[in-house]
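**Q** The structure's right below; bear with me while I get my questions together.
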Amino acid sequence: MNTTVLSAINEQINSEFEASYRYLAMAGFCERQKFMGAAKWLRLQSEEERQHGLKLFDFVLARDGAVDLKAIDQPSASFDSLAAVFEQALVHEQRVTVEINTLYELCFKEKSFAEMAELQWFLTEQVEEEKVAREIVAKFRLVKNDPAAILDIDRELGARTTIMGPAR
Ligand code: FEO
């Protein structure tokens, strides 16, 4: 594997595991506030991010590259409100989209065609990740501080049962 590309993919593995940790911290915050639906949603999202990290982990090994797991930064564990949790989630997903785009561009420049094919999955996934986060944020912005409506959104979030994403 091209060493520049390998190093960049290892950075992305770190970013995905960091996202998993970040969502888990959000889940902990929500559960303490007794927003059990949001906590469930965020736990599943944490697991989904772990799967993203593992997908790249497996890919690097399949390409006979060395996986280089790095330290994960401490995630924030306190938020102003339930809505603020999802505002941050959206900002985070937008940042990941930029990371994936940058990584894809690097692979293109380096003519790393197999890596480009692998990253296609992540490009598609980021469209979905942003869309879902944006829809949740829109609901929170709409209801503002209405407790009954916030509880409704929490219940709706709790209906999530699986991790999402395009078929592997
Ligand atoms: Fe791994 Fe939320 O994108």
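**Q** To check my understanding: the extent here is largest minus smallest coordinate of the Cα atoms along each principal axis. What are those three numbers for the stretch 48-168, in Å, largest first?
**A** 53, 27, 26
**Q** Still on this structure: Between 37, 65, 28, which gets the highest mean-square fluctuation from a Gaussian network model of the chain, Cα cutoff 10 Å?
**A** Comparing 37, 65, 28 in the GNM, the peak value goes to 65.
**Q** Once you've got the GNM for the chain with C-alpha springs shorter than 10 Å, pick whichever of 122, 35, 79 has the biggest mean-square fluctuation.
**A** 79
**Q** To make sure I understand the rule: partners must be lysines, Cα under 28 Å from the Cα of residue 55, and not fewer than 8 residues away in the same chain. Which ones qualify?
**A** 40, 70, 109, 111, 131
**Q** Moving on. Summing -39500 (n - 2.57) over the DSSP H runs of n ≥ 4 in the chain and dividing by its residue number, what mean residue ellipticity at 222 nm do you reach, to the nearest 500 deg cm²/dmol?
**A** Result for the chain, helices only: -27000 deg cm²/dmol.
**Q** Net charge near residue 154, counting Lys/Arg +1 and Asp/Glu -1 over other residues with Cβ under 10 Å of its Cβ?
**A** Residues close to residue 154 contribute a combined charge of +1.
**Q** How about the stretch 19-113: which GluC sites (Glu not before Pro) there are in a DSSP loop, with at most 13 other Cβ atoms within 10 Å of their Cβ?
**A** Here no GluC sites (Glu not before Pro) fit, given the DSSP loop and packing criteria.
**Q** Taking Cα atoms, how many degrees apart are the long axis of helix 113-143 and the longest axis of the chain, rounded to 10 and kept between 0 and 90?
**A** Approximately 10 degrees, to the nearest ten.
**Q** Check the straight Cα-Cα distances from residue 34 and name the aspartates and glutamates below 12 Å, setting aside those fewer than 8 residues away within the same chain.
**A** 154
**Q** Follow-up question, since we're still on this one. 7 Å from Cα along Cα→Cβ at both residue 11 and residue 135: what's the point-to-point distance in nm?
**A** 3.2 nm
**Q** Still on this structure, I have one more. Length gain on complete extension for the stretch residue 81 to residue 164, per 0.36 nm per residue less the alpha carbon to alpha carbon distance?
**A** 27.4 nm
Since every read-out is calculated from the coordinates, none of them should be taken as a lab result. Computed from a predicted model, the values in this text were never measured in an experiment. Cβ atoms come from the backbone with ideal geometry, glycine included; neighbour counts cover every protein chain shown.
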